[in-house]
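Below is a structure I'd like to ask you about.
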Amino acid sequence: MLITIEKVTYKGYGFGHTEEGKIIFTPFVLPGEEVEIKIKEDKKDYFIGEVKDIVKSSPYRIKPICDIFGYCGGCDFLNVDYDYEIVLKIEILKELFFRNHLEYEFENEKKFEIIKSPSRFYYRNNAQLKVSEKGELGFFKEKTLRVIPFRNDICFFLTERIREFIKNLSDDILLFNKGFRIRDGIDIFLKGLKGYKEDEKAIYKVKDYYYELDIDGFFQVNKFTNPLFIEKVLEIIGDDKINNFVELYCGVGFFSIPIFINKKISNYYAYEISKKAIDYAKINNFKNNTFINFIQMDAEIAIDHVEDIDILLVDPPRSGLTERLISRIIEKKIKKLIYISCNPSTFVRDFSKLNRNGYNIDNLVFLDNFAGTYHFELISKIILG
């Protein structure tokens, strides 16, 4: 089946139509390309396709640096140069706004800022590596338990220290090992690798901020954009004196610590449902000499624990904010919201609801902290009125 790729949509899939007019999504293709497709999945309303041959190639297509690009499922855009990857991601974001009937001044540099990763490669400070029955190290193929072994070179996204550590592993260590966690912080931290010390926690420093967390806990993954991430959040908050600052989904305090240190805040309340994360946040509170009220509580409940919230910062999981949480933000008439999102689809969904109730985006920042993949981060300041 020959189709023309009309655009690239969220998740990095090319969008086209069959001769009968049915939508077909296909990975690893680019706008304007003519491709021979075979149907991989029939989802009733649309097809998932797989490329058999590229009949007409995009002028932006390049040879991927990685030999297993398209097989391991770890990345999406290594078949284009980095500048064009950014173009594709911005178009995806604009498409999400358009589909939700939202207008925004993307051409206004004061309203919309683009921050690229300082490096497209060697940025990932955390990985769960898999080992095949033959002792080959790699990642699971997407939606399977099949290990795709690294070839010639170890994943180009992993930090140089992780890559160097892996290169020095002996075959005897990897054989009979199903996989292990590795993190690059102030040292290399490991879990599940036979013959090596089992770490319960990892320690990171970003700028002068100190963070401890559970070895399997969440931490921002891009070593190059992490300081930029913090700086931009600090900038977007502004310099006004703040009485009550509330943060939901605070984790181990990645944003909480620098915000408290750099801003004039009388009362800082940071909430997180994970007990482990809050326990580490309290350690980080002590280590950084900050005085944040870290509290274990579900976000839906926490929103009602502080009256007269001056600024609310939310950094939810990929699923976004819940209906109740959005309703309470609207009912409490919180005037300033800092919304950080790793999923533009749920961000736009949530903002649509806020927008219908008088909220508008004052600033929007695109941060590419997942270079080479379809993922990216959004930092927004949303105000009432």
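So, with +1 on the Cβ of K and R and -1 on the Cβ of D and E, and no other charges, what is the size of the charge dipole of the range 260-315 about its Cα centre, to the nearest 20 debye?
The calculated dipole for the range 260-315 is roughly 480 debye.
Translational diffusion coefficient of the range 210-306 at 20 °C, 1.002 mPa s, Stokes-Einstein with Kirkwood Rh over Cα pairs, in µm²/s as a whole number.
157 µm²/s
What does the helix-only formula give at 222 nm for the chain: each DSSP H stretch with n ≥ 4 adding -39500 (n - 2.57), the total divided by the residues, and the result rounded to the nearest 500 deg cm²/dmol?
-6500 deg cm²/dmol, from helical runs alone.
For the peptides 337-344, 271-278, what is the packing order when you average, over each peptide's residues, the other Cβ atoms within 10 Å and list the highest mean first?
Ranked by mean Cβ neighbours within 10 Å, highest first: 337-344, 271-278.
How large are Rg and Dmax for the range 145-200 when calculated on the C-alpha trace, in angstrom?
Answer for the range 145-200, Rg first and Dmax second: 11.6, 32 Å.
Quick check on the range 257-298: take the gyration tensor over C-alpha atoms, sort the square-rooted eigenvalues as a ≥ b ≥ c, and tell me if it's rounded (a/c under 1.5), prolate or oblate.
Oblate.
If Rh is defined by the Kirkwood formula over all Cα pairs and Rg also comes from Cα, what ratio Rg/Rh do you get for the range 314-353?
Rg/Rh: 0.93.
So who's got an amide H within less than 5 Å of the one on GLU247, skipping anything under 5 residues away but keeping other chains? H placed 1.01 Å off N, in plane.
Result for GLU247 returns TYR269, ALA270, TYR271, LEU313.
With only alpha-carbon atoms counted, please give the Rg and Dmax of the range 57-109, in Å.
Final numbers for Rg and Dmax: 14.4, 41 Å.
Another question, then. What is the P(r) of the range 66-185, as percent of Cα-Cα pairs per 5 Å bin from 0?
The percentages, shortest bin first, are 2, 9, 16, 19, 15, 12, 9, 8, 6, 3, 2, 0.
From zero up to wherever the largest Cα-Cα distance of the chain sits, split into 10 Å bins and tell me the percent of pairs in each.
Reading the bins upward from 0: 5, 21, 28, 26, 16, 4, 0.
Still on this structure, I have one more. Find the centroid of the Cα atoms in the range 83-148 and in the range 25-44, then give the distance between the two in whole Å.
19 Å
Let me ask something additional. Roughly speaking, what % of Cα-Cα pairs in the range 101-259 are separated by over 26 Å, rounded to a whole number?
When every Cα pair of the range 101-259 is considered, 41 percent fall beyond 26 Å.
For the range 300-385, which trypsin sites (Lys or Arg not before Pro) are in a loop by DSSP, counting at most 16 other Cβ atoms within 10 Å?
In loop regions of the range 300-385 (DSSP not H, G, I, E or B), the sparsely surrounded trypsin sites (Lys or Arg not before Pro) are ARG318, LYS332, LYS333, LYS335, ARG356.
Moving to a separate point now. What value does the range 278-345 have for Rg/Rh, both radii from Cα atoms and Rh as Kirkwood defines it?
With Rh from the inverse mean 1/r over Cα pairs, Rg/Rh is 0.99.
Once phi is turned into θ = phi - 60°, what whole-Hz ³J(HN,Hα) does the Karplus curve with 6.51, -1.76 and 1.60 give for every residue of the range 52-62, x standing for Gly and Pro?
With the stated coefficients, the range 52-62 comes to 9, 7, 9, 7, 10, 8, 5, x, 8, 6, 10 Hz.
Something else: Quick check on the range 170-249: what are the equivalent-ellipsoid semi-axes from the Cα gyration tensor, as sqrt(5λ), descending, whole Å?
After diagonalising the Cα gyration tensor, the semi-axes are 36, 13, 10 Å.
Starting from the Cα gyration tensor of the range 21-116, take the square roots of the eigenvalues, sort them a ≥ b ≥ c, and report rounded, prolate or oblate (rounded when a/c is under 1.5, otherwise prolate if a/b is larger than b/c, else oblate).
Since a/c reaches 1.5 but b/c is at least a/b, the shape of the range 21-116 is classed as oblate.
Keeping all protein chains in place and using 1.4 angstrom, which order do ASP298, ASP172 fall into by accessible surface area, from largest down?
Most to least solvent-accessible, the answer reads ASP172, ASP298.
Would you check the accessible area of THR346, probe 1.4 Å, heavy atoms only, in square angstrom rounded to 10?
Counting only protein heavy atoms, the figure is 20 Å².
What percent do you get for the relative contact order of the chain when only Cα pairs under 8 Å and 6+ apart count?
13 percent
May I pose another question? Which pairs break 26 Å Cα to Cα here: LYS52/LYS141; LYS134/LYS201; LYS191/LYS223?
Flagged as over cut-off: LYS134/LYS201.
The range 227-385: percent of C-alpha pairs farther apart than 27 Å?
Counting pairs separated by more than 27 Å, the tail of P(r) holds 17 percent.
Give the lysines whose C-alpha is closer than 16 Å to that of LYS56, dropping any in the same chain fewer than 8 places away, or say none.
Those lysines meeting the cut-off are LYS7.
Moving on to the next point. Might you work out the accessible area of PHE245 for me, using a 1.4 Å probe with all protein chains in place, and round it to the nearest 10 Å²?
Approximately 0 Å² of PHE245 is accessible to the 1.4 Å probe.
The values are calculated or read from the model by the stated rules, or taken from the named source; none is laboratory data. Computed from a predicted structure; not experimentally measured. Cβ atoms come from the backbone with ideal geometry, glycine included; neighbour counts cover every protein chain shown. Each accessible area value is taken on the protein alone, full model and side chains, heavy atoms only, with ligands, DNA and RNA left out. Shrake-Rupley method; radii C 1.70, N 1.55, O 1.52, S 1.80 Å.
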